[in-house]
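In what follows, a single structure is set out as structure tokens and then discussed.
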Amino acid sequence: MWDEGRRAQTPIDFAVGASVFLLTLAFVVAFVPTVFDPFSGAATASPVVSDRVAAGLAGDLLAASPTEPGVLSPACTAAFFEGNATLGNVSGCPDGVDDDAATQFGLDEEVLVVIHALNESAPTGNASSTVAVETRHASRDVTLNRTTDDPSGLARRDVSVSQRVVSIDGDQYRLTVRVW
């Protein structure tokens, strides 16, 4: 009944089947763990968070006008970085301009906000940039560095960074937000 001369190509069929099985197994082993990545805790702060804070500060909270995002109000900028509610209220800044960035944007993470010259790298830790800001009432030297936590541990942790180019009184600066 069974004729050895009329057999199909069994070794080739076996090799193709085994190859398909091994490729499928390799695919499953390689890609199934990535299915669960969105549910695991991230080691770094999300870049979306730092980008949201940078966009909110440059385009809304510190902006001189909603039609000109990136052009910062000197008084609101001074009120934010000094944490001065009185200066913010007198200057017509949005409510809560004196709150830190984490409180303002409802974050649990630590946030460092720095405005510095375009050609300088962003200061980290306790380094700061000082700019003379003209307000309606007087000229003030404002340290443009505000953080929610002691930034000395910043170098030891993973950080998410976002930047925007902003203008204060016609001079360009870089707004850097670090979230960790």
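Here is a yes/no grid of residues against (1) at pLDDT below 85; (2) buried (at least 19 other Cβ atoms within 10 Å of the Cβ); (3) outside any loop (DSSP other than H, G, I, E, B):
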site	(1), (2), (3)
53	no, yes, yes
57	no, yes, yes
67	no, no, no
77	yes, yes, yes
87	yes, yes, yes
93	yes, yes, no
115	no, yes, yes
124	yes, no, no
Residues (in contact with a strand residue (DSSP E or B) (Cβ under 9 Å, 6 or more places away or on another chain) and not acidic (Asp, Glu)) located in region 49-64
49, 50, 52, 53, 54, 55, 57, 58, 59, 62, 63, 64
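The values are calculated or read from the model by the stated rules, or taken from the named source; none is laboratory data. The shown structure was predicted, so the numbers you read here are calculated from the model rather than taken from an experiment. In this analysis, Cβ positions are derived from the backbone assuming ideal geometry, glycine residues included, and neighbour counts consider all displayed protein chains.
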